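*Asks:* Okay, here's the structure, questions in a sec.
The values are calculated or read from the model by the stated rules, or taken from the named source; none is laboratory data. In this text the structure is predicted, and so the values were computed from the model without any measurement. Heads up, the Cβs are rebuilt from the backbone with ideal geometry, glycines too, and the neighbour counts pull from every protein chain shown. In case anyone asks, the SASA skips ligands and DNA or RNA and just uses the protein heavy atoms, side chains included. Shrake-Rupley method; radii C 1.70, N 1.55, O 1.52, S 1.80 Å.
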Amino acid sequence: MKKLCFATLLLFGLTAHAETVGDTLVIKNAEKVTIETLDTVQHISIRGARDNAGFRYDQRIAYKDTTAVRRSYSKLKDFNKIRLSKKGKKNYWESSLHLCLGLNAMTSVNDDVYSDANWSFKVWPSIEIGVAVTADWCPFGFKNKWSLGLGVDWRNYRMSKDTYIDKDNNARLYLEPYVDEQTERRTSLNVFSVQVPLLYTHTFDADERWSVTLGAIVNFNTTAYAFRKYTAFGEDFEVERHDIGVRPVTLDFMVAVDAPYLPMLYFKYSPTTLFKSGRGPKMHQLSFGIGF
C-alpha cells in the first residue's frame, strides 16, 4: 500500500468551494488530501476547505493491474522472485535469484601417468559459492516450471598438506612433496566458472512448499589455477600455477529438493572430467550444499 498525504494545503487569495467543470471536479483550498493506492483500487479523500471546515469528498477508482514487473512476497520463498508477466493459472513468466553455498569433492580420481601420486582432496574446507538469475516459464501453472539462467560459480578444492601441484616438461600436472623446512602448508585447486543452468522444477502441493528440481548446468571455466602457501625460514610464500589444462566447458547434472522450514538442498555431479586429456589426472567434480 502506498499512502500519500498532503496536510494543510492553504491557497490564500482563492475562494473555498468546489466547482464542476465538464467532467473535471475542481476543489480549491483543501485542508487535507489523502491518496491510498492498492493493486487495483485507488482511494482519494479530501477533508475541509476554506470557509467550509465540514467539506468531505471521497472517491474510489478501480483499474486493471497493468504492472509489467512487480514483486510478490506472499511467501518467504517468493522473496527472490519478480513477476515478468501477470500471474494466472497458466502460462506466465517470472525471474528468480539463486544463491548456493556448498562443499566440494573429487570422485573417480585416476592418475594413469604418475600412478604413485596420491591426489587427496578434503571435503572440508573445500567450498563452493554460486549466484545465478533465471527466467522461469510456467506454461501449465505453478506446478511445472522450466528455467534458463546465467550465473557465476567459484569452487575451491582443498588438498593434502603433504604435496603441492606442479607441472612437468610436458605441461602435465603432478604432485611434488613439500620439504621439511616448508611449514604452515596449504594446497588448493581453484576453478571459477560462468554458468548457464537449464532446469525443470515440479511442485507437489498448492502452497509450493515441496518441490524437486532436475537439470543440467553448463560451466564455462574462465579461470583455474593451483595454489600453494607455506612458511619457510620465517617468511611466508604464496605460489599460483595457471594454465593447468582445465577443460573450457564442463557439465554438471543437478538435483535439488525444497521442503518446508528448510533451505533448498542440492547435489551436483559432473560426468565430464575436469582436466583435458594428457594434462592431468582423470577426476570428476561433485558438490552438495544448500541454496536460497
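*Asks:* Applying the Karplus parametrisation 6.51 cos²θ - 1.76 cosθ + 1.60 with θ = phi - 60° to the phi angles of segment 255-261, what ³J(HN,Hα) value in whole Hz is obtained for each residue in order, glycine and proline being reported as x?
*Replies:* 10, 9, 10, 10, 9, x, 6
*Asks:* So, counting K/R as plus one and D/E as minus one, what does the shell of residues with Cβ under 11 Å around residue 173 add up to?
*Replies:* Surrounding charge for residue 173 is 0.
*Asks:* Using 0.36 nm per residue of separation minus the Cα-Cα distance, give me the extension gain between residue 41 and residue 53 in nm, one decimal.
*Replies:* 1.6 nm
*Asks:* Oh, and also: Could you give me the ³J(HN,Hα) list for segment 92-107, computed from phi with Karplus coefficients 6.51, -1.76, 1.60 and θ = phi - 60°, whole Hz, x at Gly and Pro?
*Replies:* Running phi through 6.51 cos²θ - 1.76 cosθ + 1.60 with θ = phi - 60° gives 9, 10, 8, 10, 10, 9, 10, 10, 10, 9, x, 10, 10, 8, 10, 10 Hz.
*Asks:* Now a separate question. Return the sequence-ordered ³J(HN,Hα) values of segment 182-197 in whole Hz as given by the Karplus equation 6.51 cos²θ - 1.76 cosθ + 1.60 applied to θ = phi - 60°, using x for Gly and Pro.
*Replies:* Coupling constants for segment 182-197: 8, 10, 6, 7, 8, 10, 8, 10, 10, 9, 10, 9, 9, 10, 10, x Hz.
*Asks:* Count the net charge of all other residues whose Cβ sits under 15 Å from the Cβ of residue 246, scoring Lys and Arg as +1 and Asp and Glu as -1.
*Replies:* Charge balance in the 15 Å sphere: +4.
*Asks:* Also, I was wondering about something else. Go through 249, 278, 266 and say which Cα lies farthest out towards the positive end of the charge dipole of segment 229-292; charges sit on Cβ, +1 for Lys and Arg, -1 for Asp and Glu.
*Replies:* Projecting each Cα onto the dipole axis, the largest value belongs to 278.
*Asks:* Residue 182: net charge of surrounding residues, Cβ under 15 Å, Lys/Arg +1, Asp/Glu -1, itself excluded?
*Replies:* -4
*Asks:* Can you give me the Cα centroid spacing of segment 142-169 and segment 87-139 in angstrom?
*Replies:* 7 Å
*Asks:* Next up: At 0.36 nm per residue, and after removing the present C-alpha to C-alpha distance, how many nm does the segment from residue 239 to residue 122 gain when stretched out fully?
*Replies:* Value of the extension gain: 40.1 nm.
*Asks:* Might you report the magnitude of the Cβ-based charge dipole of segment 159-292 about its Cα centre, with Lys and Arg at +1 and Asp and Glu at -1, to the nearest 20 debye?
*Replies:* For this selection, approximately 500 debye.
*Asks:* Still on this structure: Per residue, how much accessible surface does segment 167-250 expose to a 1.4 Å probe? Answer in Å², no decimals.
*Replies:* 54 Å²
*Asks:* Report, in debye and to the nearest 20, how large the dipole of segment 122-234 comes out about its Cα centre when Lys and Arg carry +1 and Asp and Glu carry -1 on their Cβ. All intermediate terms of the calculation are to be shown ahead of the outcome.
*Replies:* On the way: 13 positive and 13 negative charges, 13 e Å.
Its charge dipole is roughly 60 debye.
*Asks:* Of 197, 183, 110, which is farthest on the positive side of the dipole of segment 109-214, counting Cα position, with +1 on Lys and Arg Cβ, -1 on Asp and Glu Cβ, and the Cα centre as origin?
*Replies:* 197
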